[in-house]
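Colleague: Below is a structure I'd like to ask you about.
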Amino acid sequence: MKKQDKAKMYRGVLDVADFELGHTLGSGQCFRWGRDVDGWWKGIAYGVAIHLKQDESGLQFCASSESVSTYAGEMDLSEFLRWYLRLDEYPRFRVSRDDKYLRQARDLMKGLRFVRQDPFECIISYVLSVQAHMTLTKRRINLIARTVGHPVDFDGKRYWAFPIPDRVATLDGQFFRKQRFGWRSERVADSAGFVAQQFGSGDATLAQWRAVNDALLERSGSGVGLKVAKCIDLFSLERLHSVPVDTWVRKFAESWYGVTGSDAKICKWGEDRWGKWAGYCNEYLFSYYRELHGGTLYDKVLSFNASDEPSAELPFDMV
DNA sequence: GGCCAGGCGCGAC
DNA sequence: GTCGCGCATGGC
């Protein structure tokens, strides 16, 4: 990186409607964002460090680059942010009058959008997320980025771009064991290696990424089972009808809808019930249920946004 | 200090 | 196909 680029900062304001930044970035869908003490959300996506703040004027942004490269093409910064945050897509749908939980959940979580995450980063993130807390998963992803990613210095802080598959594939199960990733170690290594084998640079089309995710689900030892694959589908592969079933979804399915059984059965129930918007319906209910019944402050969305505390784990180092 | 975290994989049926 | 159990680790 050239010296003069380091100091550059690209700013602007975006018009937004029916959008809530805190619900979107604080919902737990993405791992490389955090709200700092100054109230700004700070993160790194597609190799660009970005700061965001929503107020009466709209969505304020500043970032380390004026153009961003994605699997959907090269975009200028504001175009990228509209795409990344789905600012022009509105999840509007009818909810039947007798589904009171979904009505309440939707009203509370309205404004949440599914972020278009980088597919490879999303795959590794969700393999790591299995049976681990958000903050621990964030820490582990940041560790991978600091180890084999490249630094992005911005606003007096050092962010780390998530590395391409070839780079992550240089780390083996032993390395991750040493880093105390536990039994996820060999699975992260396997998935990274599998992806690297096909597109080492991480350069692939959406259709190719979908094929990779489908293959990882079939592949034993990848760490990608039904839940993880559905998360990857929903959060990075445009499959917005996906319903990932975790422990919280199982709980609300049983106590609010009387639905029990295997994860596969609950998944199919949700996808059939809610159809095209199933991903959003499930996410609303998931967030609402967890808000009511569990977790710490950082795991909640509404309480967290109502407080002025910073996130537990921020995606940068002070330099 | 025990319980459980936004599960997966394997072996028994 | 599905049920039950082991799997590392850390937070609360």
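Bear in mind that the values in this text are calculations on the coordinates, not laboratory data. Note that this is a predicted model, so its numbers are computed, not measured. Every residue, glycine among them, receives a Cβ derived from its backbone with ideal geometry; neighbour counts consider all protein chains shown.
Colleague: Just checking: which of the helices (runs of 4 or more DSSP H) contained wholly in the range A:244-319 hold 1 or more residues that are in contact with a strand residue (DSSP E or B) (Cβ under 9 Å, 6 or more places away or on another chain) and under 22 Å from A:ARG103 (Cβ atoms)? Outline the logic, then answer.
Modeller: Numbers: elements: A:247-257, A:263-274, A:278-293, A:302-306.
Filter on the range A:244-319 gives A:302-306.
Colleague: Let me ask something additional. Give the residue, chosen from A:VAL228, A:VAL212, that is of a type in the set (A, V, I, L, M) and within 16 Å of DNA strand C (Cβ to nearest atom).
Modeller: Matching residue, one of A:VAL228, A:VAL212: A:VAL228.
Colleague: If only one of A:LYS265, A:LYS276 is more than 16 Å from DNA strand C (Cβ to nearest atom), farther than 30 Å from A:ARG146 by Cα and among the basic types (Lys, Arg), which one is it?
Modeller: Going through A:LYS265, A:LYS276 in turn, the sole match is A:LYS276.
Colleague: Go through the range A:150-195 and give me each residue that's assigned to a loop (DSSP other than H, G, I, E, B), without any contact (Cβ under 8 Å) to a residue 24 or more places away in the chain and buried (at least 20 other Cβ atoms within 10 Å of the Cβ).
Modeller: Within the range A:150-195, just A:PRO163 meets the criteria.
Colleague: Could you give every pair whose Cβ atoms fall below 6 Å, whose first residue belongs to the range A:42-53 and is outside any strand (DSSP E or B), and whose second residue is not polar (S, T, N, Q), counting only separations of at least 6 or pairs across chains?
Modeller: A:TYR46/A:VAL68; A:TYR46/A:ASP118; A:GLY47/A:ALA161
Colleague: Then there's this: Evaluate the range A:130-141: report whether one residue or more is surrounded by fewer than 18 Cβ atoms within 10 Å (Cβ to Cβ), more than 21 Å from the chain's Cα centre (by Cα) and assigned to a helix (DSSP H, G or I).
Modeller: So far as the range A:130-141 goes, no, none of its residues is surrounded by fewer than 18 Cβ atoms within 10 Å (Cβ to Cβ), more than 21 Å from the chain's Cα centre (by Cα) and assigned to a helix (DSSP H, G or I).
Colleague: Among the residues of the range A:286-319, how many are among the small types (Gly, Ala, Ser), under 19 Å from the mean Cα position of the chain (by Cα) and either closer than 18 Å to A:THR247 by Cα or surrounded by 19 or more Cβ atoms within 10 Å (Cβ to Cβ) (or both)?
Modeller: The total comes to 3.
Colleague: How many residues, within the range A:266-285, are over 15 Å from A:TRP248 (Cα atoms) and either surrounded by fewer than 17 Cβ atoms within 10 Å (Cβ to Cβ) or of a type in the set (A, V, I, L, M, F, W, C) (or both)?
Modeller: Total satisfying the criteria: 9.
Colleague: Within the range A:169-198, how many residues are under 20 Å from A:ASP214 (Cα atoms) and either near DNA strand C (Cβ under 10 Å from one of its atoms) or not hydroxyl-bearing (Ser, Thr, Tyr) (or both)?
Modeller: 14
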